[in-house]
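Enquirer: Structure below; questions to follow.
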Amino acid sequence: MAEQTEHPSVPTARQLSAARDFVKRHGKPSRAVVENIGRAGARVVLVGADGALGDVVVADTDAGEALVAGVEDLEAATWDSETVNAAKIGPDHRRRMAGL
């Protein structure tokens, strides 16, 4: 049996670009919460300095953490009260979440 070696998960250039663009559009510093979503990978939830929400789906939590580390002015966060209170969910976002 061939020996398997683990390759560290890294975000793609497109994923990094999306996170950098989010920070550019929504202010510095922005926050990022990495969440495991099972077989689908991990979701990096972005919270901008202006309260905007966004996300980037990556291969796994290691790739999510690497994405956060690789984007200037993007800070690792958890869903603590400071992060939750920073998120501003407006009517447009609520309609999108409702599928309207």
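Coordinate-derived values only; no laboratory data. Bear in mind that the values here come from a model prediction, so they are computed numbers and not experimental data. Methodologically, a virtual Cβ is constructed for each residue, glycine included, from the backbone with ideal geometry; neighbour enumeration extends over all protein chains shown.
Enquirer: Counting just the residues of the range 17-43 that are without any contact (Cβ under 8 Å) to a residue 40 or more places away in the chain and closer than 12 Å to LEU67 by Cα, which one comes out farthest from the chain's Cα centre (by Cα)?
Expert: SER17
Enquirer: Tally up the residues in the range 11-26 that are among the polar types (S, T, N, Q) and not in a loop (DSSP other than H, G, I, E, B), please. Even if it seems obvious, please write down each step before you answer.
Expert: Step one: list which residues in the range 11-26 are among the polar types (S, T, N, Q), which gives 12, 15, 17.
After this cut, where a residue has to be not in a loop (DSSP other than H, G, I, E, B) as well, the list is 15, 17.
Going through the range 11-26 one residue at a time, the tally reaches 2.
Enquirer: For THR61, state whether it is closer than 23 Å to GLN15 by Cα, surrounded by 14 or more Cβ atoms within 10 Å (Cβ to Cβ) and of a type in the set (S, T, N, Q).
Expert: yes
Enquirer: Further question: What number of residues within the range 64-100 satisfy the criterion of being among the β-branched types (Val, Ile, Thr) and surrounded by 16 or more Cβ atoms within 10 Å (Cβ to Cβ)?
Expert: 3
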